[in-house]
Structures are given as structure tokens and as C-alpha cells.
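Shown next, in C-alpha cells, is the structure this report addresses.
The values are calculated or read from the model by the stated rules, or taken from the named source; none is laboratory data. Bear in mind that the values here come from a model prediction, so they are computed numbers and not experimental data. Neighbour counts are summed over all protein chains in view; Cβ atoms, including those assigned to glycine, are modelled from backbone coordinates with ideal geometry.
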Amino acid sequence: MNELIEALREVVGPANVLTGDADMAAYCTDWRGRYRGTALAVVRPGSTAEVAEAVRRCAAQGVAIVPQGGNTGLCGGATPTGCGEVVVSLVRMNRVRELDAANATVTVEAGCTLQQVQEAAAVADRLFPLSLAAEGTATIGGNLSTNAGGVQVLRYGNARDLCLGLEVVLPDGRVWNGLRGLRKDNTGYDLKHLFIGAEGTLGLITAAVLKLFPQPRQVATAWAAVASPAAAVELLSRLRAVAGDRVTAFELVGRSGLDLVMRHIPGSREPLAGRSPWQALIEFSDTVGGDTLEPLLEQALAGAAEAGLVADAAVARSEAQARALWRLRENISAAQKTEGLSIKHDVSLPVSRIAEFIERADLALARAFPGVRIVCFGHLGDGNLHYNPSQPAAGDNAGFIAATPRVNRIVHDIVNELGGSISAEHGLGQLKREEIRRYKSELEMEMMQALKAVFDPRGLMNPGKVVAGK
């Protein structure tokens, strides 16, 4: 393969082809440390033309490619499996190509971090609403490849809903330019949706046209203690009846997750005096200026307290206080990671079935694994829960992690029975590639495999991810 390495150096320059184990280590390990692979090389192109030529060179040699952005995924989707792949890292492709304020769109390269896109929009007094804890390092290409959700899906939708057009390098090196900033384009199949959520298995996203929105002029944030997930669901319903789509975010936080944040994240403070088993983080926003949202949120919470749904609540009085509340929610994953591996579940359910799922899954896991600790939190407003069991003692946890298939069967079967999905916003990657076969129909799997065969008949794009073999 020395011939291929030299060819790739010609394409992107010697400094942007990494072959040493130490140099490649960070690209061959996922964020959680659960998946570790090896690669023939890591290639870091700086333009779409370089990506296309690198893909052509690899395809000519029959060498597989693993597209990678910020490498913040949780399912091993951007980690090489060790079958001689070349990792194509897009972090150098981080330019904002165009911001069209009148059309409310921004065109960016796939290596732009989510934070970069947010900041570019803000300069033009616009909002790019996709927001998640890893936004400082997660890239737009990765966000689109996994159809990322985040905390504002309730109002603005997933990454899929925020994308109008794509530029994609296909598995043979051809470039599809679908960078159209149109909200109506009924000229056949909407091809961009095939690549969004495909985790790089059909092609490599190099740029995107994204929707922008007016900047909020008012934001109100509160932390509320609720007795149960059922109470949280009812509280959400009441808030939406009062405020409509000004309810931007509604996050559910279980006590065990908050306790981990208090233990491991310096500077964290309990937001309320009591130790409620469940909390809700609520955000209202409005593009109309004034000072109406805080009183509206306070009145709504007061009414919920009178109805017995809320035991206590605190409304942020400053942007700093609001940021402190959000840090509690955003640091749950980092705090849990500090204590070792957990069995992560990124599931979605009808909002009306969330309380039933938590009750049934908690009970089933407690019976099967006495002493299990469940960190449950997530985007209750759009039905997406992160449900992460582990054993509190490190010595017990290794054996528990080894029981992952049994734990998954319990959790995922309940999700399926309640009409949910076993992957809401993290994708399938390596983690759920085989698991999905239990829950998708034979026809669905057949159609997915047929699409893969059309775009990537040689199986060179991100092998071992998403689509299981027959």
C-alpha cells in the first residue's frame, strides 16, 4: 500500500497524511473510549477537490474509507474497524462559503464546528438553532451524517429539518453538487435526505446549505422539581398550551445524573433546595422584544405548582444564571464518563409513553441487575431519552458491561413495544448495526441494503456501520 500512501500525499500534501500509530491514535478511538481501531492512514483534505481525488485514489486500490468530523459520536460510527481503511478527516474544511441573510441560509463546509456556524449566523443577527453539548468540537458534516437533534428540536427540528442542500463526494469520487438554498424544489427524489443520517455509508458530505432563523429577543429559563416523569409530561403539555412554540426546550433530568454532575463537575451547584427525584429544565424564547416571557413562565409554573405538578422552581434572573442551569444538563454525559463505561441507550418514544417506558425499564433492570444505577435524562419535549445504566461500583461494572446484549434486549424490547425507536439522534454506527435487525422489518432492511448496493456496490464507504449484511 506504499503506492497509495504516496498518491494520497500528492493529493493533500505530506503533512496531511498521517501514518504513525501515535499520530493516528486520536482518529482511531471514539469519544467514549469504547471502540478502538487501526487505519492504513489518516488523510486530511482541505477542499472538495482534494476529497474527491483522495476517494478516487482509494477506490482505484479497493481501499475502504471512514469519513470523520469532530469524532464526538457515541456509537463508533466514525471509528475504523481495522480492516485496512483510510480515515478521511474533514476538520481542515472549515470555511463559511456564503451567508445569504435575505434567504436566511448559510453555506458551510463539513468541517465547520457547530459553534462556528452558530457564531457566523450571529454576526448576521441570525440564529442557527442546532445546539448540543459537544458543539465546540462536533462538526456539521457529522451532525448531518447522524441527523443530530440536540436541545431545540422541540421548536426547530433535527439536523435534517435544518438542511436545504448538500455537496457530496460519492464512493467513486464523483461530486454531486446539491447546494441549493430552496425551500421548494419538487423535481424528483430529494436526494439530500439519502445522505443525512446515513453516517457516511453512501457518500461523504463536504458542504451544506443550512436554514437560519431570527435571533430571539427574549429568553426565559427555569429549573423545576417534578415528582415523576408523568408529571413532567403533563407540565410540558400545560406550558405548550400557555406559550405555544415559544417553548424552545424541555429537558428531563433524573436525580442520579444530577448527583454525578455535583460530584464530578467543578463549580456545579444544586439549583433548588430539595432533592427532587426528577427535574425539568425549561426554556421559552421569542423573537419579539420586551420583557413578557419571564412573567409568563413564572405564572405557568405557579399554576403547575397549584396543580401539584411542580414542587419547587427557580427562574434564571440573568444570562449567567441561565448558562449555569444549562451546564448542569450538558455535563451529565461527561460526569458519567468520569465513573467509567455505561450502557448507553439513545431512544425515542411518543411523549405520551415516556413515563410508562421509564417505569417498566427501571423495574425490569432492577430485577435483572440488583443495585443497577440508571442515569436517565434527555429531550422530553421531542420524546428522546438518554437512558444509561451502569453499576455504581467500578469492580461490579465490568461484569455489567459484559451483559450489554441482555441489557439492550430488556430496554429495546420495551421501546419497540411502545412504538419507539432504538436510535433517536446518535445513529447506529457499530454499536447498533446488528441490533437494528431485530426491530426493522425484513422489507425495511431489504430497501436499506438495496440503497447501499446502488451507491456503494463495493462496500468501500464506512464499512461495518449502519447496514448489517444479510
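Here are the numbers for the structure shown:
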{"quantity": "Residue in segment 398-407 that is farthest from the chain's Cα centre (by Cα), counting only those that are part of a helix (DSSP H, G or I) and surrounded by fewer than 18 Cβ atoms within 10 Å (Cβ to Cβ)", "calculated": "Gly399"}
{"quantity": "Inter-residue pairs, beta-carbon under 7 Å, first among the polar types (S, T, N, Q) and in segment 90-109, second outside any loop (DSSP other than H, G, I, E, B) and surrounded by fewer than 19 Cβ atoms within 10 Å (Cβ to Cβ), 6+ apart", "calculated": "Thr107/Arg97; Thr107/Glu98"}
{"quantity": "Scope segment 50-74; condition touching a strand residue (DSSP E or B) at 6+ places or on another chain (Cβ under 7 Å) and in a helix (DSSP H, G or I); matching residues", "calculated": "Val51, Ala52, Ala54, Val55, Cys58"}
{"quantity": "Residue check, Ile358 more than 30 Å from Glu294 (Cβ to Cβ), of a type outside the set (S, T, N, Q), in contact with a helix residue (DSSP H, G or I) (Cβ under 6 Å, 6 or more places away or on another chain) and buried (at least 21 other Cβ atoms within 10 Å of the Cβ)", "calculated": "yes"}
{"quantity": "Qualifying residue in segment 91-109 (condition: assigned by TED's automatic domain parsing to the domain that holds Ala124, in contact with a helix residue (DSSP H, G or I) (Cβ under 7 Å, 6 or more places away or on another chain) and either crowded, with 22+ Cβ neighbours inside 10 Å or more than 27 Å from Gly136 (Cβ to Cβ) (or both))", "calculated": "yes"}
{"quantity": "Any strands (runs of 3 or more DSSP E) falling wholly within segment 201-264 and containing at least 1 residues that are of a type in the set (A, V, I, L, M, F, W, C), under 20 Å from Ile354 (Cβ atoms) and in contact with a Ser or Thr (Cβ under 6 Å, 6 or more places away or on another chain)", "calculated": "218-226"}
{"quantity": "Asn397 on the phi < 0 side of the Ramachandran plot and at pLDDT below 95", "calculated": "yes"}
{"quantity": "Counted residues, segment 427-470 - those being β-branched (Val, Ile, Thr) and either without any contact (Cβ under 8 Å) to a residue 24 or more places away in the chain or more than 19 Å from Gln68 (Cβ to Cβ) (or both)", "calculated": "2"}
{"quantity": "Residue match in segment 47-63 (condition: crowded, with 23+ Cβ neighbours inside 10 Å and more than 15 Å from Met461 (Cβ to Cβ))", "calculated": "no"}
{"quantity": "Failed item, numbered, when Ala121 is tested on (1) among the small types (Gly, Ala, Ser); (2) over 18 Å from Leu164 (Cα atoms); (3) buried (at least 19 other Cβ atoms within 10 Å of the Cβ)", "calculated": "(2)"}
{"quantity": "Conditions (1) under 16 Å from Val233 (Cα atoms); (2) crowded, with 21+ Cβ neighbours inside 10 Å: number failed by Pro389", "calculated": "(1)"}
